[in-house]
Each structure stands twice: as C-alpha cells, then as structure tokens.
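Here's the structure, in structure tokens; my notes come after.
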Amino acid sequence: MSTKKFSDNSLIVEKIKIFRSKAIKKKYNYEEKQLDKPISFWIKEDRLLKEKGKEFTIILRTRGCSWAIGPGGGCSMCGYIQDSTVEKIDQAHIKNQIDYAFQEKIEEIIKDKDDYVLKIFNSGSFFDNDEISESTRDYMYKQIVKTPKIREVVIESRVDYITREKLTKMKRALENIYIEVAIGLETVNDHIRNAYINKGLFFKDFLEAIHLCKKHGIGVRIYLLFKPPFLNEQSAIDDCLSSILKLEELKVNTISINPLNIQKNTLTEYLFYQNRYRPPWFYSLFKCIVKACHERDILKEVRIISSPSGAGTKRGIHNCLKRECNSHMIKSLKNFVLTQDINHLIRSDKDYSCDCLVKYQLQKRYI
Ligand code: SF4
Ligand SMILES: [Zn+2]
C-alpha cells in the first residue's frame, strides 16, 4: 500500500501529519471499562431498500483506520483518529461493545413493527484484521442472525481489505440478509481523491472491489464526499454530479452523499480557520441531486441517501445561519431520503425562500 504512488501532494501530506500528531497528543486515554462500550449506538428512521424502516447503528471503538495511523497520513477531512485507541485493543473489548449495544436495544427492536438495517461502523475498515479480527467478525455474524427483524446489514471497508474469502464467509454466515459493503470512494476523479483528499485509492482498484462484491451477491454502497477541500461550490456540484452519473452506470446499489463537515485537527479545519474553505450550502447539494435525476432516471436503479453530520451549523452543511432556513432544508432532505421522491428537493424553494439565495449565487464560484 505505502509503496504505491498516488499523487504528488507531499506538501499536503506533511500538513496532514502535523494535524494528526496534534490529534493523537490531545487524544483521551480510554479506561478499560470504557472500551467495553461502543463510541455510540442508536435507532432511528431510515430508508431500507424498498421502504421506510429503522436503522440500528453501532459505532465501534477500535484501534483506528490503518490509513490514518500509517505512513499515508489519512484523509484530509477525517478526524476519526481521535475516537480510536490507536494502540492495539483486545478483541474481547470489541465483542463486549457489540453485546452492550444489542442488550440495550434488543427489546425495542423486538417490539417494533418495522424492519431494520443494522449498520456496524468502526471509523475504519470492518475487514481490516488489525481493527476487527476474523473471530470477532464471526462472533458478530452469530449475533446478527439470532436477532429478529434485521433484514439488511451495512459495514464499511477500504478496498484494500475486501477479499474473496471475507466476502464468501460473510455471505454464508448472513444467508438471508441483504448485505451492503460501504466504500469511501469520495469522487470518481482520481486527482481530487488522491491529491486533495489524500484517500490513497485508485479508481481502478475500486472497480475491482465492486466487481468482487457483485460476484458474491453483495451490494455496494458508495460514499461521495460533497465539496472536498480546494473546490468551490460550483466545482463541488460538477464533481458530485459526474460521480453520481458514473456510479449509476456501474450499477451500484446505494450512493450516500456526505457533505464535508469540519472535524477537529484536520487539514480542512486549518483551511476553514483561514477562510479558505466553507462547508457546502444546502442549495448546492439539492441542485446536484436534482440535476442528476433530471439527466437520468437514477432513482429507479440506485437509492440516494444523505444524512449530513453537523447539518445547519457553521462546521457542517448550511445555508445562512437562520434556524428556519436550515431546518427547512434538513427536513426536505430527510423527506427525500426516506421516500426517494425528488419532488421534496425540487419543491423545497417553493415552500420556503430565504434571501441568502442571492448571497449564495454571488459566492458559489469563489469559495
Ligand atoms: S476517511 Fe476513512 S479511510 Fe480516510 S482516514 Fe478516515 S477512516 Fe480512514
Ligand atoms: Zn437562508
């Protein structure tokens, strides 16, 4: 991995590493008993493959993403390292985290009339044995199959760790459950992905991984980063639009659009403080999705979802800082995601209009 030459972005990588050391220095040292509980877990409404349902999400605390810890330096917008242990963590803790979340939520799941998607995220790679061992994965599979109502499972992994053996094993263990492997592609553009985001991933390697998943009857969910650093609003729309259209051609199952949010001790936070980066406007995100759906009947084949972190705040996707302006956009986006009806985004400016639209129009080509 470290021997591959991705992009000549050594200055950016140097900076990222400085912020990473800061993040590690400031990192909290977790006590043993804290390691037996996940970072967080929750149940909320979500879009399942064909209808509305619920998500049961568990964010596990692991050693952390190997790309972020290793010589590659990690991605320019990612601050997840602060939630990781960075040092090796005993796998028994990870099994305990799973048990804890299930014990807390099992009653609610059993009583619920809705079906569920279980999302197990570890701010890194589910298939990376240094984060989650093979025996821990087997342990989780057993827990999943004995829990009723779980119809779909989503895990995330860098493509480096997706192998035939791991997919076969997972598919066999979760026989009647729809599985989606989520991959952070961020953009179909190799230059933006590697030079600006420092993702350390080539499109051709991504293609191999998605073909492998499909061959095993496993769905693919692709994360796109909306407005990577060094792009203005208009370029962000263009970049994300071309990514959506390309991914539709590749017949991915789900596109999850993540508008960039400013995380602590990252290169993007540094640019944000220097007024060289502004998190995206809702107007841009809506425009991009609507345009993609006008060009092609995307939603017939692909589900598009987006559940932005920090939405409506200065550090997350926002319009002006008026509460009603942002809450209207958040509501429209949520309705669109749950129903997959694009009219929720098209109609959005008819139901509510704010004068910040003029400011947006003036700014969008500059920052
Ligand atoms: S965005 Fe994903 S791949 Fe990149 S450093 Fe963070 S966890 Fe690792
Ligand atoms: Zn506004």
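The values are calculated or read from the model by the stated rules, or taken from the named source; none is laboratory data. This one's a predicted model, so the numbers in the text were calculated from it and none came from an experiment. Positions of Cβ are backbone-derived with ideal geometry, glycine not excepted, and every protein chain shown enters the neighbour counts. Remember, those area values only see protein heavy atoms, side chains included, never the ligands or the DNA or RNA. Shrake-Rupley method; radii C 1.70, N 1.55, O 1.52, S 1.80 Å.
Under the rule a/c < 1.5 gives rounded, and otherwise a/b versus b/c splits prolate from oblate, where does the range 260-367 land using the Cα gyration tensor?
prolate
Could you give the distance between the Cα centres of the range 100-115 and the range 143-213, to the whole Å?
26 Å
Determine the distance separating the Cα centre of the range 225-282 from the Cα centre of the range 42-65; give it in Å without decimals.
If we compute the Cα centre of each part, the gap is 22 Å.
Give me the percent of accessible area attributable to carbon and sulfur for the chain, probe 1.4 angstrom.
In the chain, the share of accessible area belonging to carbon and sulfur is 51 percent.
Starting from the Cα of Tyr223, step 7 Å toward the Cβ, then list every residue of the range 115-156 with an amide N under 18 Å from that point.
Only 118-132, 153-156 fall inside the zone, counting backbone N under 18 Å.
Answer rounded, prolate or oblate for the range 4-99, using the Cα gyration tensor with square roots of eigenvalues a ≥ b ≥ c: rounded when a/c is under 1.5, else prolate when a/b is larger than b/c, else oblate.
The shape class here is oblate.
For the range 227-232, just list the computed ³J(HN,Hα) in residue order, Karplus coefficients 6.51, -1.76 and 1.60, θ = phi - 60°, integers in Hz, with x standing in for Gly and Pro.
6, x, x, 6, 10, 8
If you take the beta carbon distance between Glu107 and Leu299 as r and set R0 to 41 Å, what does 1/(1 + (r/R0)^6) give as a FRET efficiency, to the nearest 0.05? Each step should come with its number before you reach the end.
Details: r = 35 Å, r/R0 = 0.86.
Efficiency, rounded to the nearest 0.05: 0.70.
Sequence gap at least 6, Cα distance under 8 Å: using those rules, report the relative contact order of the range 1-137 to the nearest whole percent.
Relative contact order, the range 1-137: 30 percent.
If the label point is 7 Å along Cα→Cβ of Glu14, which residues in the range 262-276 have backbone nitrogen under 20 Å from it?
Residues 266-272, 274 fall inside that zone.
How big is the antiparallel share of DSSP beta bridges in the chain, given as a percent to the nearest 5? Could the numbers behind the result be given before it?
Values: 8 of 39 bridges.
In the chain, approximately 20 percent of DSSP beta bridges are antiparallel ones.
Do you know the relative contact order of the chain, to the nearest whole percent, from alpha carbon pairs under 8 angstrom that are 6+ apart?
15 percent
Using 31 Å as the Cα-Cα cut-off, could you pick out the over-long pairs in Lys15/Lys251; Lys146/Lys204; Lys113/Lys291; Lys37/Lys113; Lys27/Lys334; Lys44/Lys287?
Result: Lys15/Lys251; Lys146/Lys204; Lys113/Lys291; Lys27/Lys334 exceed 31 Å.
Grab the Cα-Cα distance for Gln363 and Lys204, subtract it from 0.36 nm times how many residues apart they are, and report the gain in nm with one decimal.
Length difference between fully extended and current span is 53.7 nm.
Would you calculate, for the chain, the mean residue ellipticity at 222 nm contributed by helices, counting each DSSP H stretch of 4 or more residues as -39,500 (n - 2.57) and dividing by all residues, to the nearest 500?
Per the formula, -12500 deg cm²/dmol.
Could you check the spin-label model distance between Ala173 and Asp138? Points 7 Å from the Cα along Cα→Cβ, value in nm.
0.9 nm
Taking N as the number of residues in the chain, what value does Rg over Cα atoms divided by 2.2 N^0.38 Å take?
0.96
Taking H as built 1.01 Å from N, whose amide H comes closer than 5 Å to the amide H of Lys119, not counting residues under 5 places away?
It is Phe56, Thr57, Ile58, Val154, by chain and number.
Under the 0.36 nm per residue contour assumption, what length would be gained going from the current alpha-carbon distance of Lys264 and Val290 to full extension?
Between Lys264 and Val290, full extension yields an extra 6.2 nm.
Would you mind checking the range 34-60 for residues with the amide N under 19 Å from a putative spin-label position 7 Å along Cα→C-beta of Ala92?
The answer is 34-38, whose backbone nitrogens lie closer than 19 Å to the label point.
Sort the following peptides by mean Cβ neighbour count (other Cβ atoms within 10 Å, averaged over residues), highest first: 41-49, 227-235, 23-31.
Sorting 41-49, 227-235, 23-31 by mean packing, highest first, produces 227-235, 41-49, 23-31.
Using the Karplus curve 6.51 cos²θ - 1.76 cosθ + 1.60 with θ = phi - 60°, what ³J(HN,Hα) values do you get for each residue of the range 329-346, in whole Hz, with x for Gly and Pro?
For the range 329-346, the Karplus-derived couplings read 5, 4, 5, 4, 5, 4, 4, 4, 4, 5, 9, 6, 9, 5, 4, 4, 8, 5 Hz, x marking Gly and Pro.
So who's got an amide H within less than 5 Å of the one on Ile89, skipping anything under 5 residues away but keeping other chains? H placed 1.01 Å off N, in plane.
Long-range HN contacts for Ile89: Arg63.
Tell me, what ³J(HN,Hα) does each residue in the range 62-70 have, in order and in whole Hz, if you take phi through Karplus 6.51 cos²θ - 1.76 cosθ + 1.60 with θ = phi - 60° and put x for Gly and Pro?
After applying 6.51 cos²θ - 1.76 cosθ + 1.60, I find 10, 5, x, 5, 4, 5, 6, 7, x Hz.
Return the FRET efficiency for the residue pair Asp114, Thr339: r is the Cβ-Cβ distance, R0 is 22 Å, and the value is rounded to the nearest 0.05.
0.90
What accessible area per residue comes out for the range 10-363, rounded to a whole number of Å², with a 1.4 Å probe?
Numbers: 15710 Å² over 354 residues.
It amounts to 44 Å² per residue over the range 10-363.
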